[in-house]
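The values are calculated or read from the model by the stated rules, or taken from the named source; none is laboratory data. Just so we're clear, the structure is a prediction, and the values are computed from it rather than from any experiment. With ideal geometry, Cβ positions are generated from the backbone for all residues, glycine too; neighbour counts draw on all protein chains shown. We work out accessible area using only protein heavy atoms, side chains counted, and drop any ligands, DNA or RNA first. Shrake-Rupley method; radii C 1.70, N 1.55, O 1.52, S 1.80 Å.
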Amino acid sequence: MSKLVLNPGKERSLLRRHPWVFAGSVARLEGRARPGDTVEVVADDGRALGRAAWSPESQIRARMWSFAPDVSIDHAFFKRRVAESVARRATHPLLAGESGVRLIHGESDGLPGVIADRFGEVVVVQLTSAGAEKWRDAIVAGLVQATGCKAVYERSDSDVRKLEGLGPMTGCVYGELPQGALTIVENGVRMEVDVVAGHKTGFYLDQRDNRRLTGLLANGRSVLNCFCYTGGFSLQALAGGATSVLSIDSSGPALEVARRNVALNPHLDATRAEWMEADVFAALRALKTEGRTFDLIVLDPPKFAPSAAHADRAARAYKDINLFGFRLLNPGGILMTYSCSGGIGLELFQKIVAGAASDAGVDARILHRLSAAADHPIGLAVPEGEYLKGLAVQVG
Ligand code: SAH
């Protein structure tokens, strides 16, 4: 096995179990390694630090598979890691009954570059690193064995693969997708999941708990759901007893799925749901001009700041939508506002929301600080994994 020798002092983050080796930490590679090959990582003084996947094209030159220096990185290793990850979800009471669950959450589950989401009998896998790519077969076999699923569909079409020198890969890698629309039941509401053409792996599972809270808070309230995608928050609000739900997204296909989702749930009152295909920034201004107001507003925008370099522009965008959110709220109303930008931390996000409230001239208090559900854990050694943050804020 090739040896990846680090510069002096660069073993420190690995000793804290942070799994990335950046280009600047690498002194030399002794021996040859192709992308994805396993390398032995050693400190400047020769101390063995563990085994990693070699990613020569990426600024993250290696990702640790294991901090144990003598563990074999082979099929059995991946089967074990996958099985452990799946088993952790199976014993969590909030996840046990759900048909849509994230089974593997990358670094936080000891599998850098690997995402796997289960939607009923189908598992969707996304591989975003050279190491994950190399072990595709073992990972897929592990998922099949641990879940007994009928199909594994690959959605490795994320842009981050380019950073690893990898092209897109999509399609069935095990079994066959069932005929007809795939559905899950989330918090008692049936939702269609388009694993082939939907965003990411098809559905944003990370907001499950926050959607449930929205359902509870929506009772008797008029609701505005911005960036609604296929209506996850909207349907929970309807199920929770909202008097009306206006949902906005710029994606026509997502709104079509959203409408079908209402029809999939005959217990919901479809006449209370209004769907609008529009740019949220413009729509919020139009709603203000029309004098419309709401008792509960959800803002769940896409990632405005993929990294800290985009933070300034992103901060302005967050400020803008939150300002209009506050302006459209009735007294006593609640704003549930999120950021899934890795480049914007919770502290900064809270400052932005506070600035928006102050500009809108409202008094507001935080009822809940929100984050991703338990199937999206955050490794204590990998704080970068904490991408989703939210605040439920009440005005008046
Ligand atoms: N809240 C959703 C997930 C939101 S993902 C859920 O619970 O499932 C972000 C959504 O924002 C996507 O559906 C995307 O189509 C939409 N979007 C992105 N930019 C937009 C814009 N400027 N105006 C309206 N929608 C936008």
**OP:** Please go through the residue pairs Lys200/Lys351; Lys303/Lys389; Lys10/Lys79; Lys288/Lys319; Lys3/Lys162 and name each one whose alpha carbons sit more than 19 Å apart in this structure.
**Re:** Lys200/Lys351; Lys10/Lys79; Lys3/Lys162
**OP:** Assuming a ≥ b ≥ c are the square roots of the Cα gyration tensor eigenvalues, decide whether segment 169-225 counts as rounded (a/c under 1.5), prolate (otherwise, with a/b larger than b/c) or oblate.
**Re:** prolate
Subject >> GluC sites (Glu not before Pro) restricted to DSSP loop in segment 54-122 with at most 14 other C-beta within 10 Å >> reply: Glu57
Subject >> Placed amide H near Ser66: partners under 5 Å, 5+ positions off or other chain >> reply: Arg51
Original post:
Where does helix 280-290 land angle-wise versus the long Cα axis of the chain, in degrees 0 to 90, nearest 10?
Top reply: 10 degrees
Original post:
Along segment 70-79, what does the Karplus equation 6.51 cos²θ - 1.76 cosθ + 1.60 (θ = phi - 60°) give for ³J(HN,Hα), rounded to whole Hz, x for Gly and Pro?
Top reply: 10, 6, 7, 9, 9, 3, 4, 4, 5, 4
Subject >> Exposure of Thr147 as accessible area (Å², to 10), given a probe of 1.4 Å and all protein chains >> reply: 40 Å²
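On the accessible surface of segment 1-84, probed at 1.4 Å, how many percent belong to carbon and sulfur atoms? Please report the intermediate quantities before stating the final value.
Numbers: 1910 of 4330 Å².
Whole-percent figure for carbon plus sulfur exposure: 44.
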Original post:
Is segment 75-182 best put as rounded, prolate or oblate by its Cα gyration tensor, with a ≥ b ≥ c the root eigenvalues, rounded for a/c under 1.5, and otherwise prolate when a/b is larger than b/c, oblate when not?
Top reply: oblate
**OP:** Compute the Cα gyration tensor for segment 3-66, then decide on rounded, prolate or oblate, letting a ≥ b ≥ c be the square roots of its eigenvalues: rounded whenever a/c is under 1.5, prolate when a/b is larger than b/c in the other cases, and oblate in all that remain.
**Re:** rounded
**OP:** Please list Phe281, Phe233 in order of solvent-accessible area, largest first, computed with a 1.4 Å probe with all protein chains present.
**Re:** Phe281, Phe233
**OP:** Treat every Asp and Glu Cβ in the chain as -1 and every Lys and Arg Cβ as +1, leave all other atoms uncharged, and give the resulting dipole magnitude about the Cα centre to the nearest 20 debye.
**Re:** 540 debye
Original post:
Where the centre of each part is set by its Cα atoms, how far does segment 120-199 sit from segment 228-259, in angstrom?
Top reply: 25 Å
**OP:** Report Rg (one decimal) and Dmax (nearest whole number) for the chain, counting Cα atoms only, units Å.
**Re:** 22.4, 70
Original post:
Residues of segment 204-395: accessible area per residue at 1.4 Å, in Å²?
Top reply: 41 Å²
**OP:** Quote the accessible area belonging to His368 in square angstrom, nearest 10, computed with a 1.4 Å probe and with ligands, DNA and RNA left uncounted.
**Re:** 70 Å²
**OP:** Mind listing the long-range amide H neighbours of Leu370? Cut-off is under 5 Å, sequence gap 5 or more, other chains count too, H placed in the peptide plane at 1.01 Å from N.
**Re:** Gly390, Leu391, Ala392
Original post:
Where does helix 208-217 land angle-wise versus the long Cα axis of the chain, in degrees 0 to 90, nearest 10?
Top reply: 20 degrees
Subject >> Dipole of segment 204-395, positive direction: furthest Cα of Val257, Ala373, Val362, with charges on the beta-carbon >> reply: Val362
**OP:** Using amide H atoms built 1.01 Å from N in the peptide plane, name the residues 5+ places from Gly333, or on other chains, whose amide H lies under 5 Å from its own.
**Re:** Val395
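Sorted by accessible area (1.4 Å probe), largest first, how do Arg365, Arg51 line up?
Working: Arg365 110, Arg51 35 Å².
Output order, biggest surface exposure first: Arg365, Arg51.
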**OP:** Take segment 180-299, compute every pairwise Cα distance, and split them into 10 Å bins from 0; I just need the percent in each bin.
**Re:** 14, 49, 31, 5, 0
Subject >> Computed over segment 204-395: relative contact order in percent, which uses C-alpha pairs under 8 Å that are six or more apart >> reply: 20 percent
Original post:
Under the Karplus relation 6.51 cos²θ - 1.76 cosθ + 1.60, θ = phi - 60°, what is the ordered set of whole-Hz ³J(HN,Hα) values for segment 224-236, x standing for Gly and Pro?
Top reply: 10, 10, 9, 6, 7, 6, 8, x, x, 5, 4, 5, 5
**OP:** In whole Hz, with x marking every Gly and Pro, tabulate ³J(HN,Hα) for segment 141-156 from phi via Karplus 6.51 cos²θ - 1.76 cosθ + 1.60, θ = phi - 60°.
**Re:** 4, x, 5, 4, 5, 6, 10, x, 5, 8, 8, 10, 10, 8, 10, 8
